[in-house]
Amino acid sequence: MKDALNSQDAWIEAIQRVIVPLVARHPAGVGLRLIGGSRFYLLDRSSRFSRDLDYDTSEELAVKQAAVLRVLQTKLVPDLAERFGVETLVAPLEGKDASPSVHELQVAFRPEGWERPVVVSVQILSIVSLDGQENRLFEGTMVPTVSDADLVESKVIAIFNRIHLAHRDLVDLFLFQHRLRPDSAGRMQAKLARLGIGADLVARQLADFREHPDFHAKGIGQIVREEVEPIQARRLEESGGGRAILEAVRAILEHRLRLGGGAP
């Protein structure tokens, strides 16, 4: 397997596939639910690869971060040395790049012959979920996660709640729009209200999509080219590329979810 790890993303995925069952089987992982693009990729076979491992928790973020840090330092580091022959450093992200709402751990290692280290990010945060925890089978291990609806709805919230828009959220919403529920419009209103995301903020972001379609189509297209499997990326491009994805997401937000005053 080591011989096949000839790219950064191949290494990141290999390490993710070690971390996910390790966390799921350890007491420190109780109360952590796999979410985000990594959940879509690893558990739902998404065609978009996610370089971050995201976990949701209802517990204090700093406490869960410290618990996971100990597990990765004592269990993951020797495991990676045995499997891949790499020396690994695990440390929390600190300083100006750290966020109070996302507690991040960085797993860094340098494969033999590489000039730069590979970094796997493990992020612990809290999302608004209306459904209970679910458990999904992943390579022989039951991995805690959230419901399909809560997961795809968290992507909608991310579109309006990030300081800087991430076009990968639009791609994920497009790819997994079928996971929205018939009552997702009402669920989204409840979630946005709980987070204090007002109608004015939602309206501004929707207006930005309308007023700057070329910019957003370009950003979406870049995600498709760099993070989506090549055959699927080509099919997305053949179907209209970034502009088509943008228009589809706008329709989901404005009409299906009735955000910004859109009609169903």
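The values are calculated or read from the model by the stated rules, or taken from the named source; none is laboratory data. Small disclaimer: the values here were computed from a predicted structure and weren't measured. With ideal geometry, Cβ positions are generated from the backbone for all residues, glycine too; neighbour counts draw on all protein chains shown.
Would you confirm whether any residue within the range 238-255 is surrounded by fewer than 20 Cβ atoms within 10 Å (Cβ to Cβ), at positive phi and out of contact with any helix residue (DSSP H, G or I) (no Cβ under 6 Å at 6 or more places or on another chain)?
yes
So M142 ticks every box in (1) farther than 22 Å from L173 by Cα; (2) of a type outside the set (V, I, T); (3) assigned to a loop (DSSP other than H, G, I, E, B) but one. Which box is left unticked?
Looking at each condition in turn, M142 falls short on (3).
Taking the residues in the range 108-139 that are among the β-branched types (V, I, T) and not in a loop (DSSP other than H, G, I, E, B) as candidates, determine which candidate is surrounded by the most Cβ atoms within 10 Å (Cβ to Cβ).
Within the range 108-139, the match that is surrounded by the most Cβ atoms within 10 Å (Cβ to Cβ) is V122.
When you go through (1) exposed (fewer than 15 other Cβ atoms within 10 Å of the Cβ); (2) part of a helix (DSSP H, G or I) one by one for N6, which number turns out not to apply?
With (1) exposed (fewer than 15 other Cβ atoms within 10 Å of the Cβ); (2) part of a helix (DSSP H, G or I) applied to N6, the lone miss is (2).
Are there any pairs, at least 6 apart or on different chains, whose C-beta atoms fall under 7 Å, with the first in the range 243-258 and acidic (D, E) and the second at pLDDT below 95, and if so, which?
E254/G260; E254/G262
Evaluate the range 92-100: report whether one residue or more is at pLDDT 95 or above, under 25 Å from G219 (Cβ atoms) and not aliphatic (A, V, I, L, M).
no
Identify, by number, the condition in (1) out of contact with any strand residue (DSSP E or B) (no Cβ under 9 Å at 6 or more places or on another chain); (2) surrounded by fewer than 21 Cβ atoms within 10 Å (Cβ to Cβ); (3) closer than 23 Å to V102 by Cβ that P144 doesn't meet.
If we test P144 against (1) out of contact with any strand residue (DSSP E or B) (no Cβ under 9 Å at 6 or more places or on another chain); (2) surrounded by fewer than 21 Cβ atoms within 10 Å (Cβ to Cβ); (3) closer than 23 Å to V102 by Cβ, just (1) comes out false.
Which of (1) surrounded by 16 or more Cβ atoms within 10 Å (Cβ to Cβ); (2) closer than 21 Å to P100 by Cβ; (3) in contact (Cβ under 8 Å) with a residue 60 or more places away in the chain does R194 not meet, given it meets every other one?
Only one criterion in (1) surrounded by 16 or more Cβ atoms within 10 Å (Cβ to Cβ); (2) closer than 21 Å to P100 by Cβ; (3) in contact (Cβ under 8 Å) with a residue 60 or more places away in the chain is unmet by R194, namely (1).
On the given criteria, is L80 in a strand (DSSP E or B) and either crowded, with 19+ Cβ neighbours inside 10 Å or in contact with a Gly (Cβ under 6 Å, 6 or more places away or on another chain) (or both)?
In short, no.
Among the residues in the range 96-104, are any touching a helix residue (DSSP H, G or I) at 6+ places or on another chain (Cβ under 9 Å) and either over 21 Å from L32 (Cα atoms) or surrounded by 17 or more Cβ atoms within 10 Å (Cβ to Cβ) (or both)?
The answer is yes; a qualifying residue exists.
Please name all residue pairs, on different chains or six or more residues apart, with Cβ atoms under 8 Å, provided the first residue is in the range 88-117 and is touching a residue at least 12 places away in the same chain (Cβ under 8 Å) and the second residue is loosely packed, with under 10 Cβ neighbours inside 10 Å.
Going by the 8 Å Cβ cut-off, the qualifying pairs are R110/R116.
Pick out the one residue from L93, L53 that is surrounded by fewer than 20 Cβ atoms within 10 Å (Cβ to Cβ), within 20 Å of the chain's Cα centre (by Cα) and of a type outside the set (D, E, K, R).
Residue meeting the stated conditions: L93.
Could you tell me which numbered condition S46 fails, if it satisfies all but one of (1) in a helix (DSSP H, G or I); (2) buried (at least 16 other Cβ atoms within 10 Å of the Cβ)?
Going through the list (1) in a helix (DSSP H, G or I); (2) buried (at least 16 other Cβ atoms within 10 Å of the Cβ), S46 breaks only (1).
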